[in-house]
Amino acid sequence: MPLDDAALTAIREALNQAQAAGAGRISDALPLLREAADRLAELIDDSLAEAVITDGTSLRAAGAQAGLSENAVGPRLAHTEALAGYATARGRVTAAGVERARYDRETGTRRTPATPPRPMRFTPRRRTS
């Protein structure tokens with residue numbers, strides 16, 4: 001499956017807006033850069049999911065190609081539309097979940113998660129004053 005043209009266009013547009021905003025005050029470009037980074041991270045995650053399902057790439061190999069550790073791949077895949085239904089209770093997609101997703105895709109079925117996946121966000125461990 002080719003990369004999503006709409007997602008790539010949205011990333012480019014956010015970067016172009018950041019460039020225009022940064023001509024004045026650089027701080028005005030920061031939210032636009034964050035938007036571009038979030039959209040790019042989502043595209044990477046969706047591409048990881050397609051690579052492991054469609055191309056048969058292992059979790060480890062897909063993570064290495066994206067510059068991620070093997071431990072970072074499972075939680076990211078659990079937040080994708082394609083693999084959210086195959087996540088464990090701990091919020092990770094394992095090799096067994098990927099195998100099931102491959103089988104389901106071949107047979108034309110698909111698991112849907114009880115709740116839709118939500119984007120990963122940073123949560124601080126402790127409050128700062």
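For Gly108, indicate whether it is modelled with pLDDT under 90 and open to solvent by less than 80 Å² (accessible area, probe 1.4 Å).
The answer is yes for Gly108.
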Study note, to complete from the structure: Log entry, pairs with first residue in region 1-26 being of a type in the set (D, E, K, R), second being open to solvent by 30 Å² or more (accessible area, probe 1.4 Å), beta carbons closer than 9 Å, six or more apart or on different chains, reads Asp4/Asp46; Asp4/Ser47
Revision key, fill the gap. Log entry, pairs with first residue in region 61-88 being touching a residue at least 40 places away in the same chain (Cβ under 8 Å), second being of a type outside the set (A, V, I, L, M) and assigned to a helix (DSSP H, G or I), beta carbons closer than 9 Å, six or more apart or on different chains, reads Arg76/Asp45; Arg76/Gly63; His79/Glu42; His79/Asp45
Practice item. Could you check how many residues of region 51-60 are open to solvent by 40 Å² or more (accessible area, probe 1.4 Å) and either among the aromatic types (Phe, Trp, Tyr) or at negative phi (or both)? Key: 4
Practice item. With the checklist (1) in a helix (DSSP H, G or I); (2) open to solvent by 30 Å² or more (accessible area, probe 1.4 Å) in hand, flag the one item Ala89 doesn't pass. Key: (1)
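If you scan region 1-50, which residues turn out to be among the polar types (S, T, N, Q) and open to solvent by 60 Å² or more (accessible area, probe 1.4 Å)? It would help to see each step written out before you state the result.
At the first step, the residues of region 1-50 found to be among the polar types (S, T, N, Q) are 9, 16-17, 19, 27, 47.
Listed by number, the residues that qualify are Thr9, Asn16, Gln17, Gln19.
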Check your understanding: Where in region 1-68 are there helices (runs of 4 or more DSSP H), lying fully within it, with 2 or more residues that are touching a Leu at 6+ places or on another chain (Cβ under 6 Å)?
Key -> 5-22, 26-53
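The values are calculated or read from the model by the stated rules, or taken from the named source; none is laboratory data. Predicted model only: the values in this text are computed from it and were never measured. Positions of Cβ are backbone-derived with ideal geometry, glycine not excepted, and every protein chain shown enters the neighbour counts. Side chains included, ligands, DNA and RNA excluded: accessible areas come from the protein's heavy atoms. Shrake-Rupley method; radii C 1.70, N 1.55, O 1.52, S 1.80 Å.
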